[in-house]
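Visitor: Before anything else, here's the structure in question.
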Amino acid sequence: MPVSLLGAAEIRRLAADLDVTPTKKLGQNFVVDANTVRKIVHAARVTASDRVVEIGPGLGSLTLAILETGASVVAVEIDHRLAERLPTTAAAHDVPEGRLEVIDADALRVEELPGEPSVLVANLPYNVSVPVLLHFLETFPYLQRGVVMVQAEVGERLAAPPGSKVYGAPSVKAAWYGSWRLAGTVSRQVFWPVPNVDSVLVAFDRDAEPRGTEEHRRRTFQIVDAAFQQRRKMLRQALAGVLGGTAAEASERLQAVGVDPTLRGEQLTVDDYARIAAV
Ligand code: SAM
């Protein structure tokens, strides 16, 4: 029997049954439209041989769409009531035994994932979307690619190239791990409750080789944070503190790695930042 998807009426019934009133605090906007969850799974190119991790499965709309492809899923959900119910919902929708594992935990604190999933698919809780993404990329090197739904501003920032208006610390940090691109827009009307922000899909592919060691990454991120904390200042001023010297000393160090000290943080690529951090 093929896996069947959740309909809007069933989602509301499940929520009522569990006494779940969606909360802003946990970013609970549930997708109630089968076309949208299929679109996300399609954008992520999920196939039967994939092992997928989903963050925040909620009542299971996206989870079932992933499982419909034949893939296996490990899902991390912070809301105990939702985490507890998900296996029952999956069984009622003809998901074969053993294809879904649910971890009842805060995704920001998860340190291991059973079966080393290589694909991330999620409709992320919007209040923690960037920290959760960066935590997953840092902690699970076997994650190779993914598609996530996020608030439009966040998605645009993640995929922004240097020099663009929305390029910021999250853009550089995300680029440390791989390449990012916008992969579609999603109407507000497919959510319950309807959010007051627009949403987009963002896709990523991890680079074939890691860009540097953990220590190098940490140092790079420190420099990125310093550059964007004072984004209107020239780098020689913005980075003086974090490079441990005066503006003149910062200038010297920047020039030594081929970076113009009069530029601003938003003009540098992740490679530039990594070079500054490597000195
Ligand atoms: N995937 C479902 C869907 O598309 O309908 C729900 C998406 S909803 C935007 C976000 C989900 O993430 C909620 O189920 C919420 O309880 C869960 N969540 C919020 N913060 C979380 C965290 N720190 N770790 C794990 N799950 C979290």
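The values are calculated or read from the model by the stated rules, or taken from the named source; none is laboratory data. On a predicted model such as this, the values are computed, not experimentally measured, just so you know. Cβ coordinates were reconstructed from backbone atoms using ideal geometry, including for glycine residues, and neighbour counts include every protein chain displayed. Calculation scope for accessible area: heavy atoms of the full protein, side chains included, ligands and nucleic acids excluded. Shrake-Rupley method; radii C 1.70, N 1.55, O 1.52, S 1.80 Å.
Visitor: Helix-derived [θ] at 222 nm for the chain: sum -39500 (n - 2.57) over DSSP H runs of at least 4, divide by residue count, nearest 500?
Guide: When only DSSP H runs of four or more count, the value is -11500 deg cm²/dmol.
Visitor: Taking only Cα atoms and a 10 Å spring cutoff, compute GNM fluctuations for the chain and point out the largest among 160, 248, 71.
Guide: Top of the fluctuation ranking is 248.
Visitor: Still on this structure: Going by the alpha-carbon gyration tensor, a ≥ b ≥ c the square roots of its eigenvalues, is region 1-160 rounded (a/c under 1.5) or, if a/c is not under 1.5, prolate (a/b greater than b/c) versus oblate?
Guide: rounded
Visitor: Let me ask something else about it. Kindly report the accessible area of region 116-274 per residue (heavy atoms of protein chains, probe 1.4 Å, no ligands, DNA or RNA), in Å².
Guide: Heavy-atom accessible area per residue stands at 44 Å².
Visitor: For residue 178, what residues show an amide H to amide H distance below 5 Å, using hydrogens built from the backbone and excluding near sequence neighbours?
Guide: 207
Visitor: Rounded to whole Å, give me the distance from the Cα center of region 222-267 to that of region 79-149.
Guide: A separation of 38 Å, based on Cα centres.
Visitor: While we're here: Could you state the accessible area per residue of region 1-104 in Å², with a 1.4 Å probe and every protein chain left in place?
Guide: 46
Visitor: For a protection proxy built on the mean count of beta-carbon atoms within 10 angstrom, sort 90-98, 47-55, 3-11 highest first, please.
Guide: Listed from highest to lowest mean packing, they are 47-55, 3-11, 90-98.
Visitor: Can you pull the three principal axis extents for the Cα set of the chain, in Å, largest first?
Guide: Over the chain, Cα extents along the principal axes are 68, 36, 28 Å.
Visitor: Further question: If we sort 191-204, 103-116 on the protection proxy, mean other Cβ atoms within 10 Å, highest first, what's the order?
Guide: Peptide ranking by packing, descending: 191-204, 103-116.
Visitor: Amide H of residue 146 versus every other amide H placed in the peptide plane: which residues, excluding those fewer than 5 positions away on the same chain, fall under 5 Å?
Guide: 120, 204
Visitor: Computing the accessible area with a 1.4 Å probe over protein heavy atoms, can you report the carbon and sulfur percentage for region 22-78?
Guide: 54
Visitor: Continuing with the same structure: Rounded, prolate or oblate for region 214-278? Axes are the square roots of the Cα gyration tensor eigenvalues, ordered a ≥ b ≥ c, and the cut-off for rounded is a/c under 1.5.
Guide: rounded
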